[in-house]
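Read through the structure below, which is laid out as structure tokens, and then see the notes.
The values are calculated or read from the model by the stated rules, or taken from the named source; none is laboratory data. Owing to the predicted nature of the structure, the values given are computational and were not obtained by experimental measurement. Methodologically, a virtual Cβ is constructed for each residue, glycine included, from the backbone with ideal geometry; neighbour enumeration extends over all protein chains shown.
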Amino acid sequence: MSLGLSPYDGNGVLELNPSLVFPILEMLLGGTGRSSVSIQRDITEIEQRLLDGLFRIILQDLREAWKAVTNVDFTIESMETEPQLLHLLAPNEAVVSIGIEVRIGETVGMMNIALPSIVIKMMRQKFDQQWSVRKTHASETEQARVLRVLRQATLTLEARLEGPTLTIEDLLELREGHVLVFDLPVNRPVELTINGARKFTAHVVTAGKKRACQVEAARPLPTQGSTSDEPRSGS
């Protein structure tokens, strides 16, 4: 099938694999499309009319998909059951081909769309503009969608009371009943880490019969290029 690409010059091609034609027609006429019988014949004029309606729906979806980049009016210019009869492009002209696998019951076939590469090149500036807008200005809807996804993520929360260092020699001497003196004030805040990164400072409190941490402050976010929560001294 030859496609018009108004307002751009040139033509595209949409090809539906013959193995898909009759299962699609069966579904359009109320069947399941799952028949495994292979039909080898040309389609009738009535069947062609049914396919025309299907192709117009496909082209409408193409128009909507391309609106995000530019307005392209995909239209049917001619249809052929023998692809070799469509002389639209020079043999050496480059094209952009898109193949879509379609499965109907046990039947699998391809729907192919080909567009002249010169048309895609003419749209290049519009692609760049759309990419720039999407990259720099995320819509509120997109931000809300990402937030909904992130809300389901799980994180590991740990409370750490950092004490003095211990030598390997002292570690090897530890036995049951030994007491380690941390020599830290009881009111000293502890660090709350999220997936290993320090995010909050807190104090140990009692919640019923359990110990808990009361968040008191959030640690500032690391500066760009920093890979550690701790400041580094120069050599």
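Can you tell me which condition ARG219 does not meet? The list is (1) at pLDDT 85 or above; (2) under 48 Å from the mean Cα position of the chain (by Cα); (3) charged (D, E, K, R), and all the others hold.
(1)
Search the stretch 52-66 for residues that are in the same structural domain as GLU77 (by TED's automatic domain parsing) and at pLDDT below 85 and pair each with any residue that is surrounded by 11 or more Cβ atoms within 10 Å (Cβ to Cβ) and of a type in the set (D, E, K, R) when their beta-carbon atoms are under 6 Å apart and the residues are at least 6 apart or on different chains.
none
Output the qualifying pairs, or none if there are none: Cβ atoms under 9 angstrom, residues six or more apart or on different chains, first residue in the stretch 96-115 and within 22 Å of SER38 (Cβ to Cβ), second residue among the aromatic types (Phe, Trp, Tyr) and surrounded by 11 or more Cβ atoms within 10 Å (Cβ to Cβ).
Once the first residue is within 22 Å of SER38 (Cβ to Cβ) and sits in the stretch 96-115, its partners that are among the aromatic types (Phe, Trp, Tyr) and surrounded by 11 or more Cβ atoms within 10 Å (Cβ to Cβ) give THR107/PHE22.
Answer with yes or no whether PHE74 is modelled with pLDDT of 80 or more, touching a helix residue (DSSP H, G or I) at 6+ places or on another chain (Cβ under 9 Å), within 26 Å of MET122 (Cβ to Cβ) and assigned by TED's automatic domain parsing to the domain that holds PRO18.
Yes.
For the stretch 1-37, which residues satisfy the criterion of being farther than 12 Å from ILE113 by Cα and of a type in the set (D, E, K, R)?
ASP9, GLU26, ARG34
Tell me, yes or no, whether the stretch 164-180 has at least one residue that is assigned by TED's automatic domain parsing to the domain that holds ARG211, surrounded by 11 or more Cβ atoms within 10 Å (Cβ to Cβ) and closer than 27 Å to VAL205 by Cα. Walk me through how you get there before you give the answer.
So in the stretch 164-180, the residues assigned by TED's automatic domain parsing to the domain that holds ARG211 come out as 164-180.
Subset that is surrounded by 11 or more Cβ atoms within 10 Å (Cβ to Cβ): 170.
The next check asks that each one be closer than 27 Å to VAL205 by Cα; those that pass are none.
No, the stretch 164-180 contains no residue that is assigned by TED's automatic domain parsing to the domain that holds ARG211, surrounded by 11 or more Cβ atoms within 10 Å (Cβ to Cβ) and closer than 27 Å to VAL205 by Cα.
Taking HIS178 as meeting all but one of (1) at pLDDT 85 or above; (2) within 23 Å of the chain's Cα centre (by Cα), write down the number of the exception.
Only one criterion in (1) at pLDDT 85 or above; (2) within 23 Å of the chain's Cα centre (by Cα) is unmet by HIS178, namely (2).
Where the second residue is modelled with pLDDT of 85 or more and charged (D, E, K, R) and the first is surrounded by fewer than 17 Cβ atoms within 10 Å (Cβ to Cβ) and lies in the stretch 1-28, which pairs have Cβ atoms under 6 Å and are six or more apart or on separate chains?
Short answer, once both residue conditions are applied: SER6/ASP73.
Conditions (1) part of a loop (DSSP other than H, G, I, E, B); (2) farther than 30 Å from MET123 by Cβ, marked per residue:
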site: LEU5; (1), (2): no, no
site: ASP9; (1), (2): yes, no
site: PRO23; (1), (2): no, yes
site: GLY33; (1), (2): yes, yes
site: ILE39; (1), (2): yes, yes
site: ILE46; (1), (2): no, yes
